[in-house]
Every structure is written in structure tokens, then in C-alpha cells.
Amino acid sequence: MATDGKMEARALTDGERKMVEKSRAPALHGLSTAELSALVKLVRERRDRARAMAERRRREMRGKAAPRGAAPSKADEGSKLKLSVLVSALRRLTAEVERRRRTRARTELVKNARKALAMRQAAEQSTPANTRRAASGVRPKENRRAPKLIRPMERGRLRKANAVAQAKRDARS
């Protein structure tokens, strides 16, 4: 719900009004990170207090709680207005905190990517010249297996001879 300045001034105390003004655009961007986090904490405390008061007033109006003052509350529009103004201020503040966090993360990512690129370029410059590369033609890679001492034909001949001998033994029994 959109509220004008007069309604906000009527619903908020002087300290709360100053906090809400700091949560708006020109003043918000001028705050340091420490000031912003302190302001978020204060507005959150005020919002919680306003929420508790609004809930208490609603309970008094329904007759579920004893009146805090001389008579039970008749209406709670003022406390609802105060709560909505503080909630919107807190929303603006948390959005600014998130925006600053995303900006910080983005700059950190760019810095790390540049560092990684520089490290990779330095490593590429220090590689030996005889590495296998497609651009300069692929050089043959040495075979690391132990050389086979028996010819494949001889191995096949022995295998077949063993099979024949096993078949003869099986036929006898």
C-alpha cells in the first residue's frame, strides 16, 4: 500500500522517520557497509516491535488479551501503517545489501578469472617445445608396454594344441 509522507510522519517517531529516510535512494547509496548493516539491524528490531504491538492490539480488540492501557484498543490502523512502512524500509535495505553482495561477488569472480588466465598463460610459455600439439603435427607417442616375446602365431598354435589334447583326454573318460 502506497503511503504519503504525512501519513508516515504521523505513524512513526522521529528516530524511526530518520531511519526510513536513510532507507531511500539518495541517502541509501551513500551509506558504508557497516552503517548499512547497523541500520538493517535497527529497522529489523523496530519492525519486530511494531509487529508485536499490532498483534497485541488485535488481541485486545477481540477481547483475548487484557487491555494494556486504561481501555482496550478500538482500532489498529496506526500500528498497521507503522508496520507496513517499516517492512517496506527493511525490504529496500535488504535489497541494497543483496545488490552490494552480488556486485562484490562479481568483481571477485572477475579478479579470480584474470588471475587464472595469467597463471595459465605463464604456464603455457614455460612448456617444453616437444609436447604433442595438433597445430605443429602430432608426434608419435612411445609405447610403454613391455615387448611381447612370443609371436602371435606361435601362441595360437600352442592354444590349439592344448585344446586338441584336452579333447582327447575328455574322449577317453
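What follows is calculated from the coordinates using simple rules that are stated; it is not laboratory data. Please read these numbers as outputs of a predicted model, since none were measured by experiment. Note: ideal-geometry Cβ built from the backbone for every residue, glycine included; neighbour counts use all protein chains shown.
Laid out as a table, the results:
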read-out: Segment Ala161-Leu149, extension gain: residue separation times 0.36 nm, minus the distance between their alpha carbons; value: 2.4 nm
read-out: Relative contact order of the stretch 5-99, defined on C-alpha pairs under 8 angstrom at six or more residues apart (%); value: 39 percent
read-out: Selection from Ala163, Ser88, Ser173, by position along the positive dipole direction of the chain (Cβ); value: Ser173
read-out: Virtual spin-label span in nm between Arg99 and Glu142, 7 Å along Cα→Cβ; value: 6.3 nm
read-out: Solution diffusion estimate, µm²/s, Stokes-Einstein, the stretch 5-99, Kirkwood Rh from C-alpha pairs, 10 °C, viscosity 1.306 mPa s; value: 111 µm²/s
read-out: For the chain, convex hull volume per residue from C-alpha positions, Å³; value: 405 Å³
read-out: Per-pair calculated FRET efficiency, R0 = 45 Å: Arg169 and Glu124 via Cβ, rounded to 0.05; value: 0.10
read-out: Estimated [θ] at 222 nm from DSSP helical runs (n ≥ 4, -39500 (n - 2.57)) normalised by residues in the chain, nearest 500; value: -24000 deg cm²/dmol
read-out: Cα-centre dipole for the chain with unit charges at Cβ (Lys and Arg positive, Asp and Glu negative), debye to 20; value: 1540 debye
read-out: Relative contact order [Cα under 8 Å, 6+ residues apart], the stretch 23-155, whole percent; value: 24 percent
